[in-house]
């Protein structure tokens, strides 16, 4: 686990150097695209961009571990924007996942409490 | 909006059901079951907001998030239904739910929804607002490229189109940018988006005309000037391109991403062979 921060930094460094490499090689396309122009307006997006590729891989793996088919996880991550990926990265367990199933947990908790009270294993005092 | 379709949700499938409802309403033929593999997370027994947006783009629709205000939501409802995130539980013990709002009745102050297994759920506006506020007043629309939100929100709309373009390509996004330019002719990003999409789609002359409008409007818009120079070069107007990149260079002397692009464009222009009569009349005919 302690390797992870190191790998993250290493990847960030590699990505930055690749980006710079790209900058030198893009003789064919010197126009500034719309996403880049937006990123220039929204300063936060620029600073967040560096981690983006690694974040995509993280989110894809997290989706798979939450039961999504590998091929579908790949397609789902590909459809997310950079900003959306960064919103999900590391938070798939906490973000609101709307499925209208929260009551089931509550019912189970209440059921257990009622049982414990009723059977005398739990009391106010 | 009684013609809005209804898909009763199966267990935990309010995301696919709500999304299918608005997609079908905007002309996409799709059933909730087909959206499940795109938005449902078995391990969380639910769906995320951002994946509803992503799945919308995959279906060829623009996913627009409504400004988090009741006024904006009501304005949108006059045109089309919206998916909303509600918390039907408590703040500390949330029960997250996606539903589709299909209307607001001002006379009775009630909101009409397609929700869960209820085809027509009528909720007092106050109660709805409580559940919606707990979901941070999140609502989204699925727009056909060319359709605009009712709200005057060019910033939000153009960003939604740019995200759509990233997935679906410039040709699909051009009608959306064009509609935005028509409605908000003075909005820089809308026009820049249109110009860039035209350029990427190979419609260089049309793109140059739009970059030219931006450069004429703001002589310090280095992005527009750089892209204009690039377009002029592609049209064979080398002298105009060189003059334009000089203007970009003066407008943006600071090092950084824009400066790097300007230098790259300049190198491209200088590397291209000089021809006789490389000046074009283009820059003089401003639309």
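General remarks:
- Full extension of the segment from residue B:271 to residue B:79, taken as 0.36 nm per residue of separation minus the current Cα-Cα distance, would add 63.9 nm.
- Within 10 Å of the Cβ of each residue in B:8-15, the mean number of Cβ atoms contributed by other protein chains is 3.
- Values of log10 I(q)/I(0), in the order q = 0.25, 0.28 Å⁻¹, for segment B:59-135 under a Debye, Cα-only, solvent-free model: -1.32, -1.53
- Taking the three principal axes of the alpha carbon atoms in the protein assembly as shown, the coordinate ranges are 96, 60, 36 Å, sorted in descending order.
- Take B:14-21, A:82-89 and order them by the average number of nearby Cβ atoms within 10 Å per residue, most first; the result is B:14-21, A:82-89.
- Just so you know, the Rg over Rh for segment B:4-95 is 0.96, from Cα atoms, with Rh as the Kirkwood radius.
- Residue A:121 versus residue B:71: modelled label distance in nm, points set 7 Å from Cα along the beta carbon direction: 5.6 nm
- Gain on full extension, evaluated as 0.36 nm per residue between residue B:109 and residue B:10 minus their Cα-Cα distance, stands at 32.7 nm.
- Förster radius 22 Å - calculated FRET efficiency between residue B:126 and residue B:92 (Cβ-Cβ, nearest 0.05): 0.55
- The mean count of C-beta atoms from other chains within 10 Å of the C-beta of residues in A:58-67, rounded to a whole number, is 2.
- Inter-label distance for residue B:171 and residue B:29, nm, one decimal - labels placed 7 Å from Cα along Cα-to-Cβ: 2.2 nm
- Taking all Cα pairs closer than 8 Å and separated by 6 or more residues, the relative contact order of segment B:14-143 comes to 28 percent.
- P(r) histogram, all alpha-carbon pairs of segment B:154-275 included - 10 Å bins from 0, percent: 15, 42, 34, 9, 0
- Rounded to the nearest whole angstrom, the semi-axes of the ellipsoid equivalent to chain B, taken from the Cα gyration tensor as √(5λ), stand at 46, 18, 16, largest first.
- Distance in nm between pseudo-label sites at residue B:133 and residue A:41 (7 Å out along the Cβ direction from Cα): 3.1 nm
- Spatial separation of Cα centroids for segment B:146-203 and segment B:1-38, in angstrom: 26 Å
- Using alpha-carbon coordinates, inclination of helix B:222-234 to the longest axis of chain B, degrees: 60 degrees
- For chain B: relative contact order, % (alpha-carbon pairs under 8 angstrom, 6 or more apart): 13 percent
- Computed FRET value (nearest 0.05) for residue B:239 with residue B:152, which takes r as the C-beta separation and R₀ as 60 Å: 0.90
We did not get these values from a lab; they are worked out from the coordinates using the rules stated. These numbers were taken from a predicted model, which means no experiment stands behind them. Cβ coordinates were reconstructed from backbone atoms using ideal geometry, including for glycine residues, and neighbour counts include every protein chain displayed.
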